[in-house]
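Here is the structure we will look at, set down as structure tokens.
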Amino acid sequence: MLNKLAASELVLNDDGSVYHLNLLPEDIAGKIILVGDPDRVPKVSKYFDKIEIKKNKREFYTHTGTLRGERITVMSSGIGTENIDIVMNELDALVNIDLKNKEFKTEHTALELFRLGTCGSVNPDVEVDNMLVTQNVVGLDGLLHFYSDYQFENEFSRNFLDKFPYEKIKPMLYFADWAEEISDYYKDAKYHGNTATFPGFYAPQGRQLRLKAIDDQFLETLNDLGVTNFEMETSAIYGLSKLLGHKALTVNCVIANRRRGEFSADHHASEKNMIEWVLDRIIP
């Protein structure tokens, strides 16, 4: 591969910022909180001692400031792994590509990425309004198969693939796990588990309105294969972090237990508790 990137490969705005995120290298910190909802960005940054950067484009909102003397960024990704593909590649470009010369830097920078989200659980023993940290993840969206160098397997992935019964979905599956070297940030979470990242909210998550899902027992089958919870972003965050050399952790607040038919009585309070819990641990 040539080190010099064509203008069509690394697309920049007129001010030299990366195309979708609308950011310059100096706009981000080494620790970045990723949230899906743009409205959650100010809910995080209100805890900062100072906010120095506020930028947005489309669904990508970014606030960078300081907390207890350390620089930190919070950014919204929007929904789904297709958006994470944009976020991860452009964040990496900000720290590992010379944007002016469009050349790879010789010294690699590893970001610490912390996803904060909400999720549903397929495990009847998991209580709502508690935090669950993703150790292993299975992606059902196929994204990482578009990257030539991605390979990952462990005990969870081997067991899952061996017993997964849906043959037409099986070729899309890929796996990843957390950055163990920073997992101690969340060592006191109530739950650590295995997450399924879905490519949609309705049939992929077993919901049926006018269209029928693949199987009425789909979520139960995933639980039998060791899945604890499900959401729509983590597989891409973990997988692309491994390819790009970054460190990622996901914590989700469980707001629904699909097996028990329960939903959080006050998911806004649970969200607030999660934000405070994470900030107290990543910047003590």
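Multiply the residue separation of residue 187 and residue 167 by 0.36 nm, subtract the distance between their alpha-carbon atoms, and state the gained length in nm to one decimal.
Result: 3.6 nm gained on full extension.
Note on residue 266 and residue 110: their simple-model spin labels are 4.0 nm apart, each label 7 Å out from Cα toward Cβ. Shown are 260, 207, 68, whose ranking by accessible area with a 1.4 Å probe and every protein chain present, most to least, is 68, 260, 207. Projecting the Cα positions of 42, 22, 6 onto the charge dipole of segment 1-52 (unit charges on Cβ atoms of Lys, Arg, Asp and Glu, taken about the Cα centre) puts 42 furthest along the positive direction.
For segment 179-222, which chymotrypsin sites (Phe, Trp or Tyr not before Pro) are in a loop by DSSP, counting at most 16 other Cβ atoms within 10 Å? Answer in residue order: 201, 202.
Could you estimate the translational diffusion coefficient of segment 133-271 from the Stokes-Einstein equation, with Rh from the Kirkwood formula over C-alpha pairs, at 10 °C and 1.306 mPa s, in whole µm²/s?
Values: Rh = 15.8 Å.
For the chosen part, D equals 100 µm²/s.
In a DSSP loop and with at most 12 other Cβ atoms within 10 Å, there are no chymotrypsin sites (Phe, Trp or Tyr not before Pro) in segment 30-130.
For the chain, what is the accessible area per residue in Å², given a 1.4 Å probe and the full set of protein chains?
Solvent-accessible surface per residue comes out at 47 Å².
Which pairs break 31 Å Cα to Cα here: 54/190; 187/242; 170/242; 46/190; 100/242? Distance filter (> 31 Å) returns 54/190. Counting only DSSP beta bridges whose two residues both lie in the chain, roughly 50 percent are antiparallel.
With both labels modelled 7 Å from their Cα along Cα-to-Cβ, the residue 98 to residue 82 distance reads 3.6 nm. Would you kindly calculate the translational diffusion coefficient of segment 1-117, applying Stokes-Einstein with the Kirkwood radius from alpha carbon pairs, for 4 °C and a viscosity of 1.567 mPa s, and quote it in µm² s⁻¹ without decimals? Result for D is 89 µm²/s. For the chain, the alpha-carbon coordinates run over 52, 43, 39 Å along the three principal axes, in decreasing order.
Hey, with R₀ at 41 Å, roughly what FRET efficiency would residue 58 and residue 276 work out to, going by the Cβ-Cβ distance, to 0.05?
Working: r = 28 Å, r/R0 = 0.69.
Step by step, r from the Cβ atoms, then E = 0.90.
The values are calculated or read from the model by the stated rules, or taken from the named source; none is laboratory data. None of the values given here were measured: they were computed from a predicted structure. Backbone-built Cβ (ideal geometry, glycine too); neighbour counts: all protein chains shown. The protein model used for the area step is the full one, side chains on, heavy atoms only, and it has no ligands, DNA or RNA in it. Shrake-Rupley method; radii C 1.70, N 1.55, O 1.52, S 1.80 Å.
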